[in-house]
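Colleague: Shown below is the structure under consideration.
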Amino acid sequence: MQNNNPIAEVFGFPTDNISERAQYYRDNCLCPFYNRYPNCTKDKADNPLGVCSINHAGSQVITCPTRFREDWMILRNAAEFAWGKGVRWTSLPEIKLTDADGQSAGNIDYVIARYNSDGHITDFATIEVQGVYISGNLRNPFQKYMEHPSADFSWDGRNYPHPDYLSSSRKRLIPQMLYKGGIFKAWNKKQCVAIQKSFFDTLPNLPTTTKAKADIAWFLYDLQYNKSDNQYHLKLVNTVYTEFHAALQRVIYTKPGDMNAFISVLQGKLEERLSTAPDAHSVFELL
């Protein structure tokens, strides 16, 4: 891959994969990772942004949550955490969750349900899947690549795309864990989070526990390149077990910096204001 190529995968294939099969997927905007529809629907159904992952700092960062569906390993791993092996279970996607007042608490990405021989649910667990938000413009290099797919594609345009881990956690992951996770904790149900290891590494160090005591299993995945088929494949690289309240406390509370440094900033702003204001009364009005 070129260092100035921001795109790792397009419609499931590396940008330097110019095989007939890869071109077939690009020509038809198909998703190989079990999207709800055969076609990719990311961003726009009629003109999808078919980027599964981007290149950043020498690795591939998953930007589309559908990318985690490869071989459905996220479901199998979650079911084994919840119940072990040899049980009967199925998965149910996009289940609406409501609170005690009947207000929507959002949708659950996946519920895995354990059921008996009569078809009755005996237990369930939840799975949240989180890709990484992007800062910068990804549509422009994608469209340029799609005009002439080539193994040596490069992009020198402005507003170069890169992962925005902070927004990914603060705008989606943490609110999801706070609101929906609190309900599942009250119900004493296991929770699973499927994210990429590089994303997890940007979170505060979470206090861990044993698999048996865990409320939440964080399944950390990465993309591993396979030279034989010139494709990346999803691989589970680690699982971190945490208790709900301990993990949440660590994530939502930021370690405070030096208050004196903050006061120094305020003092500088105040002195700047005083030097330009004609009298104290006008300072009060400006503030």
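Colleague: Give the Rg (one decimal place) followed by the Dmax (whole number) of segment 166-262, computed from C-alpha coordinates and expressed in Å.
Modeller: Considering segment 166-262 through its Cα atoms, Rg and Dmax are 16.1, 58 Å.
Colleague: With a cut-off of 19 Å, note down the residues of segment 170-192 whose backbone N falls inside the zone around a label point 7 Å from the Cα of residue 92 toward its beta carbon.
Modeller: Backbone N within reach: 180-192.
Colleague: Using just the helices of the chain, give the 222 nm mean residue ellipticity in deg cm²/dmol: DSSP H runs with n ≥ 4 each add -39,500 (n - 2.57), and the total is spread over all residues, rounded to 500.
Modeller: -8000 deg cm²/dmol
Colleague: Taking the DSSP beta bridges in the chain as the whole, what percent of them are antiparallel, to the nearest 5? Walk me through the numbers before you get to the answer.
Modeller: Numbers: 39 of 49 bridges.
The antiparallel fraction comes to roughly 80 percent.
Colleague: Here's a follow-up. Would you mind telling me which residue in 268, 136, 181 has the biggest mean-square fluctuation in a Gaussian network model of the chain, where springs connect alpha carbons within a distance under 10 angstrom?
Modeller: Of 268, 136, 181, the Gaussian network model singles out 268 as fluctuating most.
Colleague: Using a basic spin-label model with each label point 7 Å from the Cα along Cα→Cβ, how many nm lie between residue 19 and residue 104?
Modeller: If labels sit at residue 19 and residue 104, their model points lie 4.1 nm apart.
Colleague: Oh, and also: Restricting attention to segment 173-269, which chymotrypsin sites (Phe, Trp or Tyr not before Pro) occupy a DSSP loop and are surrounded by at most 13 other Cβ atoms within 10 Å?
Modeller: Working: sites: 179, 184, 187, 199, 200, 218, 219, 221, 225, 232, 241, 244, 253, 262; in loops: 187, 253.
Answer in residue order: 187, 253.
Colleague: Further question on the same structure: Can you give the extra length, in nm with one decimal, that the chain gains between residue 37 and residue 71 once fully stretched, where that is 0.36 nm per residue apart less the Cα-Cα distance? Intermediate results must be reported in sequence, preceding the final value.
Modeller: Details: separation 34, 0.36 × 34 = 12.24 nm, distance 1.63 nm.
Result for the pair: 10.6 nm of gain on full extension.
Colleague: Efficiency by 1/(1 + (r/R0)^6): what FRET value for residue 230 and residue 160, r their Cβ-Cβ distance, R0 = 22 Å, to the nearest 0.05?
Modeller: Details: r = 25 Å, r/R0 = 1.13.
Efficiency for this residue pair is about 0.35.
Colleague: Taking trypsin sites (Lys or Arg not before Pro) that fall in a DSSP loop and have at most 11 other Cβ atoms within 10 Å as cut points, what is the longest piece of the chain between them? Each step should come with its number before you reach the end.
Modeller: Details: sites that count: 36, 44, 85, 158, 211, 213, 227.
So the longest stretch without any such site is 86-157.
Colleague: Calculate the tail of P(r) for the chain: the fraction of all Cα-Cα distances greater than 30 Å, expressed in %. Intermediate results must be reported in sequence, preceding the final value.
Modeller: Working: 17852 of 41041 pairs.
Percent of Cα pairs beyond 30 Å in the chain: 43.
Colleague: Each label point is 7 Å from the Cα along the Cα-to-Cβ direction; what then is the distance between the points at residue 262 and residue 44, in nm?
Modeller: Result for the modelled spin labels: 4.4 nm.
Colleague: Taking 0.36 nm per residue of separation and subtracting the Cα-Cα distance, what length does fully extending residue 27 through residue 188 add? Kindly include the intermediate steps, with their values, before the conclusion.
Modeller: On the way: separation 161, 0.36 × 161 = 57.96 nm, distance 4.68 nm.
Stretched fully, the residue 27-residue 188 segment lengthens by 53.3 nm.
Colleague: Please sort by residue number the chymotrypsin sites (Phe, Trp or Tyr not before Pro) in segment 26-95 whose DSSP state is loop and whose Cβ has at most 14 other Cβ atoms within 10 Å. Could you put the intermediate results ahead of the total?
Modeller: Working: sites: 33, 34, 68, 72, 81, 83, 89; in loops: 33, 34.
Those satisfying the criteria are 34.
Taken together, the values in this text are just the output of simple stated rules run on the coordinates, not laboratory data. Being a predicted model, the structure only gives us computed values, none of them experimental. Backbone-built Cβ (ideal geometry, glycine too); neighbour counts: all protein chains shown.
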